[in-house]
Amino acid sequence: MAFCRRETAYCFIESPECLLDFQSTFLKITLLPKDTLIQDSVKYSLGSRSSMEPVWRLIKACNWDLRTIIEGMQKMDFSSNVRDNSLLKVHTDLSARKFFSRERCVVAPQTIGILEPLAAIPELWDQHTLNRMISNGQYKALQNEMKALPGTKNSGGIPAPSKDEICMVLLDPVEQCIGQVHKGRLHIFRGKQPYISLIPDLQWPQPRLKK
């Protein structure tokens with residue numbers, strides 16, 4: 001109820017990890033995949049065009065538990081009339097939809113915030129492991145691998161981006177970054193285009209705060 005009194009009833013939920021939107025008469029739940037490069041986000045929409053009352057009744061019937069609502073939605077058969085499903089049987093004016101998000105810009109909360117340093121070289125250099133390494137400064141010999149246009153002032157070479165700039169790129173799933181090792185250097189690509197290269201140096205970073 002406090003959530004719905006917000007100016008914008010829209011936020012990330014850490015557990016279960018999802019995006020919650022209740023700004024209209026429909027409760028919209030977006031389940032965030034762990035690998036945004038492979039999976040689309042699953043979205044559920046529950047509500048009525050006439051009022052918020054039907055979905056409020058459902059929330060109350062599920063004991064105000066978001067996890068219970070999600071588990072119920074995952075068990076529903078959306079190939080038939082969803083109003084015949086046991087989850088919605090007592091709510092004649094409540095409709096439910098399941099669809100897949102084609103948007104690649106939703107970032108799961110687990111990919112932001114304080115990232116743990118890498119303790120070992122990972123099997124796969126995906127965006128999350130790359131961000132952990134970059135955020136904690138576990139690298140050396142950084143080089144820019146992007147090609148400047150001929151005749152421009154940077155045709156002789158583009159300076160390497162800053163750590164913060166790299167982290168912002170790695171944070172965005174739209175960029176589809178991935179790392180590949182070649183001749184002792186880790187090359188990071190944005191999509192299929194070369195971005196930067198570096199040498200991983202997995203020394204444990206020094207504590208930021210000292211007593």
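The values are calculated or read from the model by the stated rules, or taken from the named source; none is laboratory data. Bear in mind that the values here come from a model prediction, so they are computed numbers and not experimental data. As a convention, Cβ positions derive from the backbone with ideal geometry for all residues, glycine included, and neighbour counts pool all protein chains shown.
Brief remarks on what is shown
- Qualifying residue in the range 129-141 (condition: at pLDDT 90 or above, among the hydrophobic types (A, V, I, L, M, F, W, C) and farther than 15 Å from Leu171 by Cα): yes
- Screening Trp125 on (1) surrounded by fewer than 17 Cβ atoms within 10 Å (Cβ to Cβ); (2) modelled with pLDDT of 85 or more; (3) not β-branched (Val, Ile, Thr) shows it passes everything except condition (1).
- Count of the range 18-36 residues, restricted to those that are surrounded by 15 or more Cβ atoms within 10 Å (Cβ to Cβ) and under 30 Å from Leu124 (Cβ atoms), is 8.
- In summary, Ile13 fulfils each of the numbered conditions (1) at pLDDT 85 or above; (2) touching a strand residue (DSSP E or B) at 6+ places or on another chain (Cβ under 7 Å) with the single exception of condition (1).
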